[in-house]
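Written below as structure tokens is the structure these notes are about.
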Amino acid sequence: MDVLASFANLVPVTLVQGLLYALVALGVMIPFRLLAFPDLTSEGAFPLGGCVCGALLAAGVPPWPATGVAIAAGALAGAATAAIHLRFRINTLLAGILVMTILYSVNLRVLGKANVALLSNDTVLSALSPDVVMRVGLQIVAFAIVVAAVLALLGWLLRTELGLSLRAVGANPKLAPALRIAPWAFIVAGLAAASGLSALAGALAVQLQGFADVHMGFGVLINGLAALIIGETLLGRQTVARQLLAPVAGSIVYYQLVSLGLALGLKPADLKLVTGLFVLATLALPAMRRGTEPDAMRE
């Protein structure tokens, strides 16, 4: 009974987290699934959005413009990763690592110190209503509306000619030029959109928790990947709607599993270990089912 009571108490809070970090999961999904571009920029774009938003709020900038600038900063980070890969032919993962590493120093410069408290500053939540700040139920509604708006926008965009071109680049980048599609433009735009979503999540997280910290992005990429895998396992990804809904559903389920683990006595310090092992097992399962041997053993 104690476990069930603890789990029930954690559900509303982790539902807010699940909806918030669904934006990160969407930011992970776009390069991985739509562009076939393994990208790590989200790990740096999330704290970048939080630090930019936090610095602007601390300087007295209203919350809506501060959030918009944070999204733009994240989009620039994603575009930088794409440009490094395309211009210098650097591996996609290495390009993301380089940008992520650079962003740590950028975040320190932007914030001015390791963390900044924002408890007395106005936020988008308090701008909606002072009650939203104090009531978890209203926070769930607010973040659900944000996620629904993002899903609606992405769903509409992916069904336009631009969206079809972006999906064509991910499906077959060599064929795209024959269809008069410039792959580089869509790769840059896709990564910018993905990192912009992660930065939006970082900006909202800062305003929800009341402080900005340069280390706040640690592990968000693996959490987003775990959410994406869970969502695709539950919903599949055969259609555009399922592909978009999978990260959101997966994020909600993932954070409820976190709640259950904490209620069962799992230490918070062990969550990254468990998440990493889960992602490893999920990614390795198809190869284990096929009985594939490592390339080195084949040789």
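Listed by number, the DSSP H helices of the chain that run 30 Å or longer by alpha-carbon position along their axis and have mean Kyte hydropathy of at least -1.0 are 2-29, 63-88, 136-158, 183-209, 240-263. Could you check how much of the accessible area of region 89-167 is carbon and sulfur, as a whole percent, using a 1.4 Å probe? After summing per-atom areas, the C and S share lands at 66 percent.
Grouping the Cα pair distances of region 65-129 into 5 Å bins from zero gives a pair-distance distribution of 4, 14, 18, 19, 16, 12, 9, 5, 3, 0 percent in increasing distance order. Run through every distinct alpha carbon pair of region 215-287 and return the Kirkwood hydrodynamic radius in angstroms, one decimal place. Kirkwood radius, region 215-287: 12.8 Å. Highest mean packing first, where packing is the average number of other Cβ atoms within 10 Å per residue, the peptides 191-199, 137-145 line up as 191-199, 137-145. Kindly provide log₁₀ I(q)/I(0) values, in the same order as q = 0.27 Å⁻¹, from the Debye equation applied to equal alpha-carbon scatterers of region 32-100. Each listed q corresponds, in turn, to -1.07. Distance between the modelled labels on residue 148 and residue 270, one decimal in nanometres: 3.8 nm (7 Å Cα→Cβ projection).
Taking max minus min of the alpha-carbon positions on each principal axis, region 148-268 gives extents of 56, 32, 25 Å, largest first.
Under the simplified labelling scheme, the residue 281-residue 239 pair shows an inter-label distance of 3.1 nm, with each label point 7 Å from Cα along Cα→Cβ. Can you give the translational diffusion coefficient of region 1-125 in µm²/s, computed by Stokes-Einstein from the Kirkwood radius over Cα pairs at 20 °C and 1.002 mPa s? The estimated diffusion coefficient comes to 132 µm²/s.
Computed over protein heavy atoms with a 1.4 Å probe, the accessible surface of region 103-172 works out to 60 Å² per residue. Once divided by 2.2 N^0.38 Å, the Cα radius of gyration of the chain becomes 1.02. Peptides 100-110, 46-56 ranked from most to least packed, by the mean per-residue count of other Cβ atoms within 10 Å: 46-56, 100-110. Of the peptides 180-187, 83-90, the ranking by mean beta-carbon count within 10 Å, highest at the top, reads 180-187, 83-90.
The values are calculated or read from the model by the stated rules, or taken from the named source; none is laboratory data. A quick note: this is a predicted structure, and the numbers were derived from the prediction, not measured. Reconstructed Cβ throughout: ideal geometry from the backbone, glycine too, with neighbour counts over all protein chains shown. Surface areas here come from the heavy atoms of the whole protein model, side chains and all, with no ligands, DNA or RNA. Shrake-Rupley method; radii C 1.70, N 1.55, O 1.52, S 1.80 Å.
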